[in-house]
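Trainee: To start, I am sharing the structure in question, which I have written as structure tokens.
The values are calculated or read from the model by the stated rules, or taken from the named source; none is laboratory data. A quick note: this is a predicted structure, and the numbers were derived from the prediction, not measured. Neighbour counts run over all protein chains shown; Cβ positions are idealised from the backbone, glycine included.
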Amino acid sequence: MSFLQIDHVSKSFPNPSGEGQVCIFKDATIKIEKGEFVTVIGHSGCGKSTLLNIIAGLETPTEGGIILNGREASGPGLDRMVVFQNFALMPWMTVFENIALAVRSAYQDWSAAQVTAHVNKYIALVGLKGAENKRPIALSGGMKQRVGLARAFSIEPKVLLLDEPFAQIDALTRGVIQEELIQMWNTSRNTVFMVTHDVDEAILLSDRILLMTNGPEARIAEMVHVSVPRPRSRETVIEHPHYYKIRNHIIHFLVRHAKHGSSEGTASGSSTNGDPVIVNFEQDALATH
């Protein structure tokens, strides 16, 4: 059994017209192994963040369910930690206090000295040593997101959920924090589920990239294996012969759906039985799951 299973999950919302329901995405089924880094890409409105919120327990699926380590996961819990794009820090708390709040919640039997040592370890990992006593108003966007990442990693969750975590950060800072995220993930090997619009970011970070069609009734049409070996860095990843094959394939998928929405049927990249198409450039072939 896979470590994290998204099992035939669909989500509908009430129709603004008041008549019936609108299905945002349909029958999402994903199996994620322990320690795997999986990213979802799709156009705005396809339900990527909604799916992430369902995994986090912040929203309830209309159909299907989430199974984590053999048990159904319903409602939020410290076994799933979310890093949001809007930072979500407590504005009245310092860097240290924001991270310590999460650590105390996860490790309630720890002494103050244990909490302090653990928090300081993660502050150092994200390069914020010296900023421990600053409040969010005194931090740049990049520093705020470093706090969010340190807070998430510090409780060592079973699943780390990243909802476009670098969307509000400038390009230069984003690249630096991506490298720091790689280092933290290499150390922790958390299972990660990330939502992003950034194709290059997805290739740099992910083991697999899931491509979603447009809503309503969006679906996971393709599952792209990132066949660029680890360790990766922004400088070296583009030198691998598979890099531009993967990048061009994803961009072509997104362009097709920008033009045609979700009305292309199987021509847009899904198998005839509705399962995602598996794309693996190590084999230079497409295979249905």
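Trainee: Within segment 154-164, identify whether any single residue is buried (at least 16 other Cβ atoms within 10 Å of the Cβ) and in a helix (DSSP H, G or I), and answer yes or no.
Mentor: Just the residues of segment 154-164 that are buried (at least 16 other Cβ atoms within 10 Å of the Cβ), to begin with: 154-164.
So of that shortlist, the ones also in a helix (DSSP H, G or I) come out as 154.
Yes, the conditions are met somewhere in segment 154-164.
Trainee: Could you tell me which numbered condition Ala171 fails, if it satisfies all but one of (1) loosely packed, with under 15 Cβ neighbours inside 10 Å; (2) in the same structural domain as His242 (by TED's automatic domain parsing); (3) on the phi > 0 side of the Ramachandran plot; (4) not β-branched (Val, Ile, Thr)?
Mentor: (3)
Trainee: Within segment 18-34, does at least one residue satisfy the condition of being within 15 Å of the chain's Cα centre (by Cα), outside any strand (DSSP E or B) and under 24 Å from Asp207 (Cα atoms)?
Mentor: Checking segment 18-34: at least one residue is within 15 Å of the chain's Cα centre (by Cα), outside any strand (DSSP E or B) and under 24 Å from Asp207 (Cα atoms).
Trainee: Does segment 238-248 hold any residues that are over 20 Å from the mean Cα position of the chain (by Cα) and either surrounded by 18 or more Cβ atoms within 10 Å (Cβ to Cβ) or within 26 Å of Val9 (Cα to Cα) (or both), and which are they? Give the steps one after another, and end with the answer.
Mentor: Looking only at segment 238-248, we keep the residues that are over 20 Å from the mean Cα position of the chain (by Cα), and these are 238-245, 248.
Those that are over 20 Å from the mean Cα position of the chain (by Cα) and either surrounded by 18 or more Cβ atoms within 10 Å (Cβ to Cβ) or within 26 Å of Val9 (Cα to Cα) (or both): His242, Tyr243.
Trainee: What is the residue count in segment 72-89 for residues that are in contact with a helix residue (DSSP H, G or I) (Cβ under 7 Å, 6 or more places away or on another chain) and without any contact (Cβ under 8 Å) to a residue 24 or more places away in the chain?
Mentor: Going through segment 72-89 one residue at a time, the tally reaches 1.
Trainee: What is the residue count in segment 48-76 for residues that are of a type in the set (A, V, I, L, M) and in a loop (DSSP other than H, G, I, E, B)?
Mentor: 2
Condition check ((1) in contact with a Cys (Cβ under 9 Å, 6 or more places away or on another chain); (2) of a type outside the set (A, V, I, L, M); (3) assigned by TED's automatic domain parsing to the domain that holds Arg151) across all residues:
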site: Thr39; (1), (2), (3): no, yes, no
site: Ser105; (1), (2), (3): no, yes, yes
site: Ala113; (1), (2), (3): no, no, yes
site: His118; (1), (2), (3): no, yes, yes
site: Lys121; (1), (2), (3): no, yes, yes
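Trainee: I've got another one for you. Somewhere in segment 192-199, is a residue crowded, with 17+ Cβ neighbours inside 10 Å, without any contact (Cβ under 8 Å) to a residue 60 or more places away in the chain and assigned to a helix (DSSP H, G or I)?
Mentor: No, the conditions are met nowhere in segment 192-199.
Trainee: For residues in segment 205-234 being under 24 Å from Gly35 (Cα atoms) and acidic (Asp, Glu), which is surrounded by the fewest Cβ atoms within 10 Å (Cβ to Cβ)?
Mentor: So the residue we want is Asp207.
Trainee: Now, a different point. Scanning for something within 13 Å of the chain's Cα centre (by Cα) and within 30 Å of Pro14 (Cα to Cα), does segment 186-194 turn up at least one residue?
Mentor: For segment 186-194, residues within 13 Å of the chain's Cα centre (by Cα) and within 30 Å of Pro14 (Cα to Cα): present.
Trainee: Count, please, the residues in segment 50-100 that happen to be surrounded by 14 or more Cβ atoms within 10 Å (Cβ to Cβ) and under 21 Å from Val115 (Cβ atoms).
Mentor: Adding up the residues that qualify gives 14.
Trainee: Going by the structure shown, is Thr29 more than 20 Å from Pro157 (Cβ to Cβ) and free of Cβ contacts under 8 Å to residues at least 40 places away in the same chain?
Mentor: no
Trainee: Restricted to segment 1-38, and to residues that are among the aromatic types (Phe, Trp, Tyr) and within 13 Å of Glu217 (Cα to Cα), which residue is surrounded by the most Cβ atoms within 10 Å (Cβ to Cβ)?
Mentor: Taking segment 1-38 first, the residues among the aromatic types (Phe, Trp, Tyr) are 3, 13, 25, 37.
Pick out the ones that are also within 13 Å of Glu217 (Cα to Cα) and you get 13, 25.
Numbers: Phe13: 13, Phe25: 29.
Step by step, filter segment 1-38, then rank; the result is Phe25.
Trainee: Kindly indicate the residue of segment 100-140 that is among the small types (Gly, Ala, Ser) and touching a helix residue (DSSP H, G or I) at 6+ places or on another chain (Cβ under 7 Å) and also farthest from Val159 (Cα to Cα) among those meeting that condition.
Mentor: We begin by selecting, within segment 100-140, every residue among the small types (Gly, Ala, Ser); these are 100, 102, 105-106, 111-113, 117, 124, 127, 130-131, 138, 140.
Narrowing the set further to residues that are touching a helix residue (DSSP H, G or I) at 6+ places or on another chain (Cβ under 7 Å) leaves 100, 102, 127, 131.
Working: Ala100: 19, Ala102: 15, Gly127: 23, Ala131: 27 Å.
The selected residue is Ala131.
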